[in-house]
Amino acid sequence: MSESLVLLHGSANGAYSWGAVLRGLGPTGARVLAPDMLGYGRAPAPSATYDIAEEVAHLRALIDAEGPGPVHLVTHSLGTLYGLHLRRALGARVTRLTLIDPVLVSVLRDTGEQAGFDEMEGQYQHFMRRLAEAPAAAARGFVEHWNGEGSWEALGERARAVITGLAPRVALEMNQARRDTTPLAWLAEAPPPTHILLGERTRVAPQAVTRQLARAFGATVTVVPGAAHMIPLTHAAQVVRALGSPATA
């Protein structure tokens, strides 16, 4: 049975962030599932006790509903946090991993990647201070952290309103990421073939996470020229090519 592609989005995005990738995959005939995580798109809201296990259960139910076959799991950014826990829950069903500009605070902490950890902690503190005062300011800081100065205004009024509305949901994810103490060794136990796409101009934290995951997973790393963090949006063609190429250690 051929594997299904499962695409997990990052923070403040939703499944729509895979739109260009999905269009590129269309002619390949691949079976693709791009689910919304809890609180995004058409997915139900997270519970008051939201945690990683709740998100994994939500995603696993959607995957199981598609059938029992093998899965090529693809994650972007903080979606990698949930994706690697989901990989352990699905076990041998996950036959390949593609991780795009991965962000895992637990890995930074566990491996002593201090510069990357400090970058994420600084973003967390800035976001939480702004969220209490003005959600739009928190959302702006988040977007410009990952996309660069001026990117907030470039989004347009409608997109800015959507992301501002998602700010409380992003705070839940950031809290989960910050609290997570899962060891890298557990995440990387018996890994499938893994390919990591890293933006040439991305932030310190994804670079550090990639360095550690590549070693632990025996992963192939491809640096995407000119790309920053939002590779599925800005360099969809490179993602599509990567998904069609087998990963090699």
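To keep it simple, each residue is scored yes or no on (1) under 20 Å from the mean Cα position of the chain (by Cα); (2) modelled with pLDDT of 95 or more; (3) farther than 19 Å from R169 by Cα.
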| site | (1), (2), (3) |
| --- | --- |
| V74 | yes, yes, yes |
| G79 | yes, yes, no |
| L84 | yes, yes, yes |
| A92 | no, yes, yes |
| L108 | yes, yes, yes |
| T111 | yes, yes, yes |
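Look at (1) touching a helix residue (DSSP H, G or I) at 6+ places or on another chain (Cβ under 6 Å); (2) of a type in the set (G, A, S); (3) open to solvent by 20 Å² or more (accessible area, probe 1.4 Å); (4) closer than 21 Å to I231 by Cβ and you find that G150 fails only one, number (1). Only a single item in (1) closer than 30 Å to H72 by Cβ; (2) in contact with a helix residue (DSSP H, G or I) (Cβ under 6 Å, 6 or more places away or on another chain) is not met by Q207, and it is number (2). Restricted to segment 162-249, the set of helices (runs of 4 or more DSSP H) holding at least 1 residues that are of a type in the set (G, A, S) and open to solvent by less than 60 Å² (accessible area, probe 1.4 Å) comprises 167-179, 204-217, 236-243.
The values are calculated or read from the model by the stated rules, or taken from the named source; none is laboratory data. Nothing here was measured: the structure is a model prediction, and the numbers come from that model. Positions of Cβ are backbone-derived with ideal geometry, glycine not excepted, and every protein chain shown enters the neighbour counts. Side chains included, ligands, DNA and RNA excluded: accessible areas come from the protein's heavy atoms. Shrake-Rupley method; radii C 1.70, N 1.55, O 1.52, S 1.80 Å.
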